[in-house]
Amino acid sequence: MFERFTQRARAVVVHARDEADRLHHPRVGTEHLLLALLHDGQSLAATVLRDAGVRADDLRARIEQEAGPGSRALDEADAAALREIGIDLAAVVARVEESFGPGALNDPPPAPRRWPWGRRYDGSRFSPRAKKVLELALREAVRLRHNYVGTEHILLGLLREGNGLAALALTRAGLDLADLRRRVLDAVRAGARPAA
Amino acid sequence: MSSATELAAAAGSTDPRVGLRAVLALRRLLDRLERVQVDNARRQGWSWQEIADALEVSKQGVHKKHAGRPAVNGTWEE
């Protein structure tokens, strides 16, 4: 189904997977698609979101809060908290890495899902909702008589789906989905940018 | 970075936010340390039963938690 996806739109799909990996979430959901849309600041979707007042770091924080951090790596906040009870995280990490190699305490990358016949089927990582969003993106493109699927169509798909964590995060951030949709369509009509 | 006296005060902090955050961080550290050590034990040929005994948990528990996940360093199959 990705034949009509622009380079940027394909990059969004790839980045969504990376976002899920980074958060140690086993599945790629709508929230990862949304984060991926913000990745490329030049894309039409990112431009619309930015103009609507979406801040990438704020949205990321909301999504991490909603989705839970998975089993993310120990960060600076953990180090600070451990310091409070007299534990020097850096020293612990240094001792462990001395014995077990650099990055020993980091989370292992998620295991690629292997199927009995030995092939990896990565499509399975996308949640039903995320798949639905990509289908809706295609449908939005058709509806607009565009012969390509760009980041703007993925965003329209996200907004149309309307029930995923992405929509929830946007709503919680004080945005109105219908208004966002209008903004995307205005931007498309204005043709302010070439196909994004 | 806080001074030593501030640290000492915080260690006995009665602010639940401070104390609970420390518990969370400790749990995260514990999870990772356990993974590293269990992997190491497996690499050295320890059985799940031996690992369970050392951790004072059930063999089923330790197996469920650690078998089948990717190893931190190096590999072992189960």
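The numbers here are math on the coordinates, done by the rules we state, and not lab data. Given the structure is predicted, the values throughout are model-derived calculations rather than measurements. Cβ sites come from the backbone with ideal geometry, for glycine too, and all protein chains shown count toward neighbours.
Descriptive notes on the structure:
- Take each residue in A:75-82, count the other chain C-beta atoms within 10 Å of its C-beta, and the mean is 5.
- Other protein chain Cβ atoms within 10 Å, averaged over every residue that makes up B:30-42: 3
- Electrostatic tally near A:Ala81: other residues with Cβ closer than 13 Å to its Cβ, Lys and Arg +1, Asp and Glu -1, net -1.
- The ranking of A:Glu140, A:Glu76, A:Glu97 by Cβ neighbour count inside 10 Å, starting from the fewest, reads A:Glu76, A:Glu97, A:Glu140.
- Ranking of A:Thr171, A:Thr6 by count of other Cβ atoms within 10 Å, fewest first: A:Thr171, A:Thr6
- Nonlocal amide H pairs with A:Phe5, under 5 Å, H built at 1.01 Å: A:Val149
- Phi-derived couplings, Karplus 6.51 cos²θ - 1.76 cosθ + 1.60 at θ = phi - 60°, listed residue by residue for the stretch A:44-51: 4, 4, 5, 4, 4, 4, 5, 4 Hz, with x used for Gly and Pro.
- Burial order of peptide ranges A:141-147, B:35-41 (average beta-carbon count within 10 Å, highest first): B:35-41, A:141-147
- Cβ-defined net charge surrounding A:Ala169, 15 Å radius [Lys, Arg +1; Asp, Glu -1]: -3
- Applying the Karplus relation 6.51 cos²θ - 1.76 cosθ + 1.60 with θ = phi - 60° to the stretch B:13-29 yields 3J(HN,Hα) values of 4, 9, 6, x, 4, 5, x, 5, 5, 5, 4, 4, 5, 5, 5, 4, 5 Hz, where x marks Gly and Pro.
- Solvent-free Debye scattering, log10 I(q)/I(0), computed from the Cα coordinates of the stretch A:1-57 at q = 0.16, 0.23, 0.31 Å⁻¹: -0.48, -0.90, -1.20
- Residue mean of other protein chain beta carbons inside 10 Å, B:17-26: 5
- Relative protection proxy for A:161-169, A:148-156, from highest mean packing down: A:148-156, A:161-169 (other beta-carbon atoms within 10 angstrom).
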